[in-house]
Amino acid sequence: MVATNSLKWIALGLAMAVASPALAADVTFVMRNDHPNAVELELYSQDRNHIWPGDNQVYYLDDGETKQIPLSCEEGESICYGAWISGDKQTYWGVGPENAETCEDCCYTCSSGETEQINLTE
């Protein structure tokens, strides 16, 4: 009987460990639009199905504008930016619109703090 109860507690502990939520963290993306046209931007999780800002919205940066974009994310999550000229999805940076492209140096790990300034240039 004692062994059976011990196994139940171990099973319960394992179930709780598997079901526990991921640790929350915050990161701030610092984006600067150095292109002469306005730019639209989304941020894409590479570890789960999540987009910021989401709900078919985008972050909008006028030419010359710098924007700090704070995100709540899961600790250790990989997040990539995709940006494109407003009205022209063929000219893009990072993973581009809809996370459809590959990139070098456009992904960051979610942890407290902020990215260096990311400059979107011609």
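The values are calculated or read from the model by the stated rules, or taken from the named source; none is laboratory data. Remember, it's a predicted structure, so these values are computed and weren't measured experimentally. Methodologically, a virtual Cβ is constructed for each residue, glycine included, from the backbone with ideal geometry; neighbour enumeration extends over all protein chains shown. Surface areas here come from the heavy atoms of the whole protein model, side chains and all, with no ligands, DNA or RNA. Shrake-Rupley method; radii C 1.70, N 1.55, O 1.52, S 1.80 Å.
Data overview
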| item | result |
| --- | --- |
| Strands (runs of 3 or more DSSP E) (entirely within the stretch 72-120) containing at least 3 residues that are open to solvent by less than 80 Å² (accessible area, probe 1.4 Å) and not hydroxyl-bearing (Ser, Thr, Tyr) | 78-85, 88-94, 114-120 |
| Any hit, the stretch 53-71, residues being surrounded by 13 or more Cβ atoms within 10 Å (Cβ to Cβ), touching a helix residue (DSSP H, G or I) at 6+ places or on another chain (Cβ under 8 Å) and not small (Gly, Ala, Ser) | no |
| Qualifying positions in the stretch 22-50 - assigned to a strand (DSSP E or B) and open to solvent by 70 Å² or more (accessible area, probe 1.4 Å) | Ala24, Asp26 |
